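These notes are about the structure you will find just below.
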Amino acid sequence: MAKIKFTLNNKVVEIEESPTARLLDILRDKYDFVGVKEGCGEGECGACAVLINDKIVNSCIVPLGTVEGKSIVTIEGFSKTKRHEVLRESFEEEGAVQCGFCTPGMLIASESLLNTNPHPTDEEIKIGLSGNLCRCTGYNMIIKAVKSASKKGDGLW
Amino acid sequence: MKDISKSVRKVDSLIKMSGEAKYVSDIKIDGMLYAKTVRSSKSKAIIKKITLPVIPEGYHIIDHTDIPGKNFVKIIFEDMPVFAEKTVSYYGEPIMLVIGEDKNIITDIISNIEIEYEEVTPLFENTNSAINYHFTKGDSNKAFKNAKKIIKDDYDTGYQEQLYIEPQGMIGYIEGEKVTLIGSIQCPYYVKNAVISILEAEEDQVRVKQAVVGGAFGGKEEFPSLMACQLAVALRKIKKPIKLIYEREEDMEVTTKRHPAWIHMEAAINDKNEIDGLTAKVAIDGGAYIGLSGVVLSRALIASTGAYTIDNIEVGGDVFLTNTVPNGAFRGFGAPQMLFAVEMFIQHIALELELDPLELRLKYLAKQGDATSTRGKFRDPIIMNDMINKGMEMSDYKNKVKKYTEQGIYKGIGMSWFLHGCGFTGSGEANHIKALVKLQKDIDDKVTILIAAVDMGQGVQTTMKKIVAQILDIPLDQVIYNKPDTDLVPDSGPTVASRTIMVVGGLVARATKQLKEKWVDGEAIIVSERYKQPEYIKWDEDNFIGDAYPAYSWGVNIVEVEVSPITYQVSLVGIWSVYDVGKAIDERIIMGQADGGILQGVGYGYLEVMKNVNGKIQHKNVTDYIIPTTGDTAPMETFLMDNPYPLGPYGAKGAGELTLVGGAPAVALAIENAINKKVKSIPVTPEYIMELMKNG
Ligand code: FES
Ligand code: FES
């Protein structure tokens, strides 16, 4: 057990837990941020993606101890932003959401991509989202949605 | 009146994008315990002795001795136990549940359970036939006797894993004698009926509710009934809420998959170089228990002539039982295996006879009025000629196939033609399901759709509401359609077999018209409709004679690939599709089905490898079992035809499975074109291509 302090969706929090606990479990079980999904538990599907200091990370392979002093944003936090609103519009318009289980992770991956590259090409979007599996959409509608968000949200990223 | 196909925003997207949508693993109930399954570590054995460690206070073991009813999962046959008793028949078969508050303690208990087995030699070969079907049309014996030439080939297909991104899960609670289960499920009433049977409960003592479903593809058709039965038994004993969520590896090792298949085809060629007769012999591996395998086999057999009409045929096949994980429902349900074989075989016949493949295929393409493989009739217009031309034009097929064939530059293009029978095979709909739908109008004039159909991403929450809103000419948000709860909705049947829009939606449309006639503002009104099979549909289940399906959807897929001459890696270059789904209830939703379906079908054809060695699944996580990623997908163009089906709502037919079934043959034909070797097995992996280049 150790005391670990970090910022979670813009709030400073402190928790007494094993530093080896999976960040994913802590987010879901202790903070009830269940928008963070478990798809594979081994860092391969991206369903559990969160932003740690603005970069995408799969929370199922992050030991809690490593987030000390860092800032974590989950889909619940991200959904309150203007950038999420722009992405949301585009995802809806393009039909990028089917079962939705990959969607929080896809949105986090899109945010992370657009943060570093506000005007990605199709190829760059494909690379940016390549760590996120979706079994429903065939990806094209998601790729189009990110492209359209990057246009509509010009200046936000 | 506006065109129903015009897309609207899906009604459930917002909560999915904000993270608020509650999937089963997100549901928490006060005082909830967790369950984990103890499984067989042998493929076939007698259980000699089970030694349990000291079970701490508050922890429980649930096994077959706790079952009040008969120990089997009610699907079709009474063969699959809920918990193994004296014997185990596959690696991973459930023996008991360990239940308690702390997952770590549960894991501890499990690691200290000792099970002594007496091993029995397991069966992994196709020798134990559990089901055999056979049927004929015309006189294939004569055709083969008079043949100038007989062409034979063998085809085989591998496992495919649904790989819904949300693993299987179920949560339950109990109030008095009443058990409630909430799950990631496709078929609330399948679950309910299985639980009633295992508990020997009364109808009103079991309630099943759907959580938001994170993808299913058939994988959540019959499998969840097993989990529900186990949980229900535990709930009755422990009387506390319990949650059972599979981890990915467990899900991939022990849940149902697409049946591996072996298909032997023969064609009788007469002296005019015509295909006079055709035979197909099919073997599918059912795994340890039959489950739905018989129904899968029959769909495969019925698809044995694909989109073609051959006058003289003989078709047969077996479901073989082996000591491996039971296989089951997966989008396409037997058709993907068969259509792969048919599409390859007709191409191979053309090559053998030195005929132009396109011309040969066009010659046998089914037409309206033709007899189906089971001597039924294609009653509705078939517009495949237009579809094929459209697809070839979109993809520049003719030029490309010529160029790639001549130049041998490891580029290829392949085209598949196919059909999919909509709804249950044969008389299933009329005799077994007897779907009932209800609509309820309240005094505030809101209309609630009461059906058991599940939205698992395919958008039925949106499309059903559209049907009702459009007929009544009211805004979409005046229509309510909640996730099914068996206490509230009638049994409109399972969410399977591309039946939801055509059959259930058709009933909803009829009920809505009834409501429209009876409509009085401010008054509560309930209307209902029950399925009636059209009089002209006749089906002889024992002999496979008649109309196997009330209607067919049709499709053309074209896939272009590049194969690396060095590594033999295949990359997708482009995908074009043309579909006749009658009428799209929402164009964008169908386009989404089209994109997702074909990538799953193409993945099956070239990428997705799952093997079983001595009864153990070797590819049991997403690192080993590769599905297409954004890096693998290709630009897709889809064209939808308008060809309304008189009995579907606004003319709609089935769509969900159609978009998958042609993917594998299209990509396999493209690879064949690129490497100029006959492809007879899927997935077409680099290893297989290497073997073909060496020996093919
Ligand atoms: S659950 Fe973390 S990457 Fe899949
Ligand atoms: S929408 Fe279902 S997994 Fe992506």
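The values are calculated or read from the model by the stated rules, or taken from the named source; none is laboratory data. None of the values given here were measured: they were computed from a predicted structure. Positions of Cβ are backbone-derived with ideal geometry, glycine not excepted, and every protein chain shown enters the neighbour counts. For the accessible areas, the whole protein counts, side chains as well, though only heavy atoms, and no ligand, DNA or RNA atoms are used. Shrake-Rupley method; radii C 1.70, N 1.55, O 1.52, S 1.80 Å.
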Matching residues, the stretch B:181-217, being more than 18 Å from B:ALA35 (Cβ to Cβ), within 12 Å of chain A (Cβ to nearest Cβ) and not aliphatic (A, V, I, L, M): B:GLN186, B:GLY214, B:GLY215, B:PHE217
Residue pairs meeting the criteria (Cβ under 6 Å; at least 6 apart or on separate chains; first facing chain A (nearest Cβ under 7 Å), in the stretch B:160-171; second charged (D, E, K, R) and surrounded by fewer than 24 Cβ atoms within 10 Å (Cβ to Cβ)): none
Residue selected from the stretch B:600-623 under the condition within 10 Å of another protein chain (Cβ to nearest Cβ) and open to solvent by 10 Å² or more (accessible area, probe 1.4 Å), by the criterion nearest to B:PRO381 (Cα to Cα): B:VAL622
Yes/no for B:GLU177 being within 14 Å of chain A (Cβ to nearest Cβ), of a type in the set (Asp, Glu) and either closer than 30 Å to B:ILE682 by Cβ or away from ligand 1 (no atom under 16 Å from the Cβ) (or both): no
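Matching residues to (1) within 16 Å of ligand 2 (Cβ to nearest atom); (2) basic (Lys, Arg); (3) touching a His at 6+ places or on another chain (Cβ under 9 Å):
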site: B:LEU123; (1), (2), (3): no, no, no
site: B:GLY138; (1), (2), (3): no, no, no
site: B:PHE144; (1), (2), (3): no, no, no
site: B:TYR155; (1), (2), (3): no, no, yes
site: B:GLN162; (1), (2), (3): yes, no, no
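So for the stretch A:84-91 (the condition being open to solvent by less than 10 Å² (accessible area, probe 1.4 Å) and within 16 Å of ligand 1 (Cβ to nearest atom)), does at least one residue qualify?
So in the stretch A:84-91, the residues open to solvent by less than 10 Å² (accessible area, probe 1.4 Å) come out as A:84, A:87, A:90-91.
Then keep just the ones that are within 16 Å of ligand 1 (Cβ to nearest atom); that gives none.
No, every residue in the stretch A:84-91 fails to be open to solvent by less than 10 Å² (accessible area, probe 1.4 Å) and within 16 Å of ligand 1 (Cβ to nearest atom).
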Yes/no for A:GLY77 being open to solvent by 10 Å² or more (accessible area, probe 1.4 Å) and within 11 Å of chain B (Cβ to nearest Cβ): yes
Enumeration of residues in the stretch A:140-152 that are within 23 Å of B:VAL213 (Cβ to Cβ) and either within 16 Å of ligand 1 (Cβ to nearest atom) or small (Gly, Ala, Ser) (or both): A:ALA145
Criterion (out of contact with any Ser or Thr (no Cβ under 9 Å at 6 or more places or on another chain) and either surrounded by fewer than 24 Cβ atoms within 10 Å (Cβ to Cβ) or within 30 Å of B:THR309 (Cα to Cα) (or both)) met by exactly one of B:ILE409, B:ILE433, B:ILE413, B:ILE471: B:ILE409
Those residues of the stretch A:57-74 which are within 14 Å of chain B (Cβ to nearest Cβ) and either assigned to a helix (DSSP H, G or I) or open to solvent by 40 Å² or more (accessible area, probe 1.4 Å) (or both), in sequence order: A:SER59, A:CYS60, A:ILE61
Filtered residue count, the stretch A:131-157, keeping only those that are crowded, with 19+ Cβ neighbours inside 10 Å, in a helix (DSSP H, G or I) and within 16 Å of ligand 2 (Cβ to nearest atom): 6
Criterion (hydrophobic (A, V, I, L, M, F, W, C), part of a loop (DSSP other than H, G, I, E, B) and in contact (Cβ under 8 Å) with a residue 24 or more places away in the chain) met by exactly one of B:MET387, B:MET456, B:MET415: B:MET456
Strands (runs of 3 or more DSSP E) contained entirely in the stretch B:241-358, each with at least 1 residues that are within 14 Å of chain A (Cβ to nearest Cβ): B:242-245
Residue in the stretch B:485-502 that is within 14 Å of chain A (Cβ to nearest Cβ), under 24 Å from the mean Cα position of the chain (by Cα) and open to solvent by 10 Å² or more (accessible area, probe 1.4 Å) present: no
Among the residues listed as B:LYS653, B:LYS677, the single one being open to solvent by 30 Å² or more (accessible area, probe 1.4 Å) and in contact with a helix residue (DSSP H, G or I) (Cβ under 6 Å, 6 or more places away or on another chain): B:LYS677
Within the stretch A:95-130, considering residues that are assigned to a helix (DSSP H, G or I) and among the small types (Gly, Ala, Ser), the one surrounded by the most Cβ atoms within 10 Å (Cβ to Cβ): A:SER110
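What about A:LEU51, is it under 13 Å from the mean Cα position of the chain (by Cα), in the same structural domain as A:GLY138 (by TED's automatic domain parsing) and not aromatic (Phe, Trp, Tyr)?
Spelling it out, it is not the case that A:LEU51 is under 13 Å from the mean Cα position of the chain (by Cα), in the same structural domain as A:GLY138 (by TED's automatic domain parsing) and not aromatic (Phe, Trp, Tyr).
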Matching residues, the stretch B:62-87, being outside any loop (DSSP other than H, G, I, E, B) and without any contact (Cβ under 8 Å) to a residue 40 or more places away in the chain: B:HIS64, B:THR65
Selection from the stretch A:5-45 of residues that are within 16 Å of ligand 2 (Cβ to nearest atom) and either more than 9 Å from every other protein chain (Cβ to nearest Cβ) or under 15 Å from A:LYS70 (Cβ atoms) (or both): none
Given (1) buried (at least 24 other Cβ atoms within 10 Å of the Cβ); (2) of a type outside the set (A, V, I, L, M, F, W, C); (3) not in a helix (DSSP H, G or I), index of the condition B:ASP153 fails: (1)
Hits in the stretch B:1-24 (condition: in a helix (DSSP H, G or I), under 25 Å from the mean Cα position of the chain (by Cα) and more than 7 Å from chain A (Cβ to nearest Cβ)): B:VAL24
Residues being in contact (Cβ under 8 Å) with a residue 12 or more places away in the chain and within 20 Å of B:ASP580 (Cα to Cα) - total across the stretch B:350-372: 10
Residues within the stretch A:9-55 that are more than 20 Å from B:VAL24 (Cβ to Cβ), open to solvent by 60 Å² or more (accessible area, probe 1.4 Å) and outside any strand (DSSP E or B), tallied: 5
Which listed residue, of B:ALA130, B:ALA143, is touching a residue at least 24 places away in the same chain (Cβ under 8 Å), more than 14 Å from chain A (Cβ to nearest Cβ) and touching a helix residue (DSSP H, G or I) at 6+ places or on another chain (Cβ under 8 Å): B:ALA130
Filter result for A:GLY138 (small (Gly, Ala, Ser), within 7 Å of chain B (Cβ to nearest Cβ) and in contact (Cβ under 8 Å) with a residue 12 or more places away in the chain): no
Filter result for the condition that a residue is more than 16 Å from ligand 1 (Cβ to nearest atom), closer than 18 Å to A:ASN53 by Cβ and either of a type in the set (Ser, Thr, Tyr) or at pLDDT 95 or above (or both), over A:THR137, A:THR116: A:THR116
Residue within the stretch B:217-225 that is free of Cβ contacts under 8 Å to residues at least 12 places away in the same chain and either among the hydroxyl-bearing types (Ser, Thr, Tyr) or assigned to a helix (DSSP H, G or I) (or both) present: no
Residue within the stretch A:107-115 that is within 16 Å of ligand 2 (Cβ to nearest atom), in contact (Cβ under 8 Å) with a residue 40 or more places away in the chain, within 23 Å of A:GLU38 (Cα to Cα) and not assigned by TED's automatic domain parsing to the domain that holds A:GLY41 present: yes
